[in-house]
1. What is the spin-label model distance, in nm, from A:Ala141 to A:Glu45 if the labels are put 7 Å beyond Cα along the C-beta direction?
2. Measuring from label point to label point, each 7 Å out along Cα→Cβ, what is the A:Asp3 to B:Ala461 span in nm?
3. What share of Cα pairs, in percent, lie more than 20 angstrom apart in the range B:354-440?
4. Which ³J(HN,Hα) values in Hz, rounded to whole numbers, follow from the phi angles of the range B:378-391 under the Karplus curve 6.51 cos²θ - 1.76 cosθ + 1.60, where θ = phi - 60° and Gly and Pro get x?
5. With only alpha-carbon atoms counted, please give the Rg and Dmax of the range B:171-227, in Å.
6. Defining a contact as two alpha carbons under 8 Å apart and six or more residues distant in sequence, what relative contact order in percent does the range A:37-165 show?
7. In terms of modelled amide H atoms, which long-range or inter-chain residues lie less than 5 Å from the amide H of B:Leu157?
8. Each residue of the range A:79-92 in turn: what ³J(HN,Hα) in whole Hz from Karplus with 6.51, -1.76, 1.60 and θ = phi - 60°, glycine and Pro shown as x?
Amino acid sequence: MPDWEKSSTARVIPPARPRKLAKAPFVELADGRLQGVVSSGSDIERVYVSSVTAGSYAFACSTNNNRPCGGARGSFCNHIRTLINEAVLQYGAGRVARYLRVELAEPDADSMTAAMSAARPAPDGTRAAATVFSRFLRHLAYLELAPVTTPVPELQWFPPTRMTA
Amino acid sequence: MVPADPDDGVMRADLLAGTIAGLDEALAAVDAFDQVLVAGVLRPQPAQAAGLTRLADAVEGTPLAAPAAVAAGRAAAGAATEEHLVVLAAARAAVLGSVHDALMIQIAEATGRAVGKEAASGQPGASQPGASQHRASLLGAGRSWLCDLARSGWRGLDHDVVSGSAPVVSAMLADPVLRRLATLLDGFAAELAACCPGAAAERVPARRWADLWSRAMLLTLPGAAATPVTGTATGRLLPLGVDLHEHATAVQAQVHAVFEPADGTGSRLVRASVCAPKPDTVVGAGVWPLLRPHLSLLAAVSDGRSMDLTDMPVTAEGDLIWSDAHARPGGPADPFATARVALPAAAEAVTAPLDRHPARIAVPVFLEGYAAGTDDDGLVFTVAGHPLAVDDDRVPAAGPLTPEAVAASAACIGLLRWDAGAFSVQPLAVETTGRRAAVHAGEWAGGATGTTGVKAEKAAADAVAVLRERAGRLLRK
């Protein structure tokens, strides 16, 4: 390996892994949280906006219309558990654990969920749901943007990699 | 082993081994400045003052000398304005531009190919007609975010600083004129976000982030990102291979090809590109369906065909601005025949001033008669006794070419690249020993084949369908 710090094309983050999006159409590690959108199991018109904060594991879950999720009063609800499972599929358990600062030798979705629950996290009062939902809508908008056939030389700095999450 | 001979189109790897006078000094000046950005320019320490001076000294004797000296002085005093930071970005780009030029001279000797005489247009495009106030203010907002980054430094990164880019990038993405900068900022910000907080990061990709930062700074200058069309191309296009680029929310395919003008003038190397924004869960072979409808050339690549161009717009840098209306399918054309026969005679275009950077070097080469082996750093082709590193990590998962096939190859079409002080070859296609069957990285560009490819395309199509369904329900409210 050439010197990573002196490489213009150093690989910093591995590409996401493909996963089925039906359960959780949007998952991201951003703003110091694992956050995303989880489809309701019963109502096709409804989605839940769920998040877990890095470090404190403070959690939140509400519908896109800002009604609190009944399951997330004192501990992680099923939407948050789904969010963690899907994040592990997309980013790999190691990266999710590092981001959330869960210290486990060999993390997986179950052990991470158990470790965070055991820390008895508090509900998150920051009301990030609106931000997360707008980030989801922004993500959907990528599908609507027209491709261009003018070259983007800057993408020379973003080669593919066979490294996996 | 067959000795490499420039007359048959095989690259002379021995000519890449020579040292370049002044190269180490130039890179040391770049490194010194890159360390300044690691700590940030909010409260500069003496080591950073020295780094800034080192960069300013490196452009002594150029038109940038005076402004760079002033900018370095002000930055060292913790009082750099946006203009000063733009000047420092320009000085760094100029030093790396000189490195690029020296490397390209060495490469021309190794490939034995002529470099096109037509000088690339030195003028950044004038601001586009209709360039609105809105566009200018978005560029200003981008520059202001980049200046915030420079002040906090990579070690001072936090989520607040990084998330400042999101509204700017969203607004820019919607405007195709600003797409280049938006795509760069989007990929850059995603990396920065993944490494927050900077103080806790194990290590910092100092060269890379300083590259992305300075490049973005220069692209915020009005007109800098324009791609001026300088002519049209009519003749036969013979594809060599496909180079893929991607970050979480963008993908670009670049087809490298030999163009034979219908008027009988000399053949030359050209590229055709298509770049699409994408959701981060569309990866691997799933990216091709996003690109395919906009570049008929991708189907020609998969079919092993040439294309006939009529009045296709082209830049001085050799970039075709593709439009399917100017192209129709031609006859069968084997890329290995093109590499053996047509590539040696094709002239290289001159790189546009702003694009002169070592990371932009991607020179098509043909290698044969090498011994493939491994050393401590990975796969190596020994060409006429000289080792050349093989960047097999760059072989995309979106195609049937694998590092294993490359390791078992007897002939290779690749792109010669340079990074972190060393040349390497990025394989685009190989002929394997024994069966002499060809495998191309871009084989699935026009349509995936084989179980893996078909499955990956199907998975990506399902992901896109779910997102569209969700968008349909949620965006209409």
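The values are calculated or read from the model by the stated rules, or taken from the named source; none is laboratory data. This structure is a prediction, so every number in the text was calculated from the model and none was measured. Cβ sites come from the backbone with ideal geometry, for glycine too, and all protein chains shown count toward neighbours. To get the accessible areas, we keep the full protein, side chains included, count just its heavy atoms, and leave off ligands, DNA and RNA. Shrake-Rupley method; radii C 1.70, N 1.55, O 1.52, S 1.80 Å.
1. If labels sit at A:Ala141 and A:Glu45, their model points lie 2.6 nm apart.
2. Spacing of the two 7 Å Cα→Cβ label points: 4.9 nm.
3. Details: 1104 of 3741 pairs.
Beyond 20 Å sits 30 percent of the P(r) for the range B:354-440.
4. x, 6, 9, 9, 9, 9, 6, x, 10, x, 10, 5, 10, 8
5. Radius of gyration, then largest Cα-Cα span, for the range B:171-227: 13.0, 40 Å.
6. On the way: 141 pairs, mean separation 33.1, N = 129.
Here the relative contact order equals 26 percent.
7. Those lying under 5 Å, H to H, from B:Leu157 are B:Gly198, B:Ala199.
8. Karplus values, whole Hz, x for Gly and Pro: 5, 5, 5, 4, 4, 5, 4, 5, 5, 5, 5, 7, 10, x.
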